[in-house]
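What follows is a single structure, written as structure tokens, with notes after it.
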Amino acid sequence: MTSQSGNNERKPGFLPIETNWFDRLFISIVIWVALSLFWMRFIEPFGPSVWFAAAISAVLGAYVVWKG
């Protein structure tokens, strides 16, 4: 009889590397910075605020941390 409560292995997500939650958080922050810079350079001159990029980054970052 084996105990299943001690099994903390995580199913691999969509990221091609083995990660823990901190790695996925760091990847999310890098995505946020890159998207913000891209947004400020190419999108913001046409009108949309950088806050839209922040909202997109927050949703994408939560998904990466949760499922990545």
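The values are calculated or read from the model by the stated rules, or taken from the named source; none is laboratory data. Keep in mind that this is a model prediction, so the values were computed, not measured. Reconstructed Cβ throughout: ideal geometry from the backbone, glycine too, with neighbour counts over all protein chains shown. The accessibility values were calculated without ligands, DNA or RNA, using every heavy atom of the protein model including side chains. Shrake-Rupley method; radii C 1.70, N 1.55, O 1.52, S 1.80 Å.
Brief remarks follow.
- Output for the range 31-48, where each listed residue is within 19 Å of ALA62 (Cβ to Cβ) and small (Gly, Ala, Ser): ALA34, SER36
- Count - residues of the range 58-68 that are in a helix (DSSP H, G or I) and either open to solvent by less than 70 Å² (accessible area, probe 1.4 Å) or among the β-branched types (Val, Ile, Thr) (or both): 6
- Consider the range 1-57 and keep the residues that are surrounded by 10 or more Cβ atoms within 10 Å (Cβ to Cβ) and among the aromatic types (Phe, Trp, Tyr). The one that is modelled with the lowest pLDDT is TRP21.
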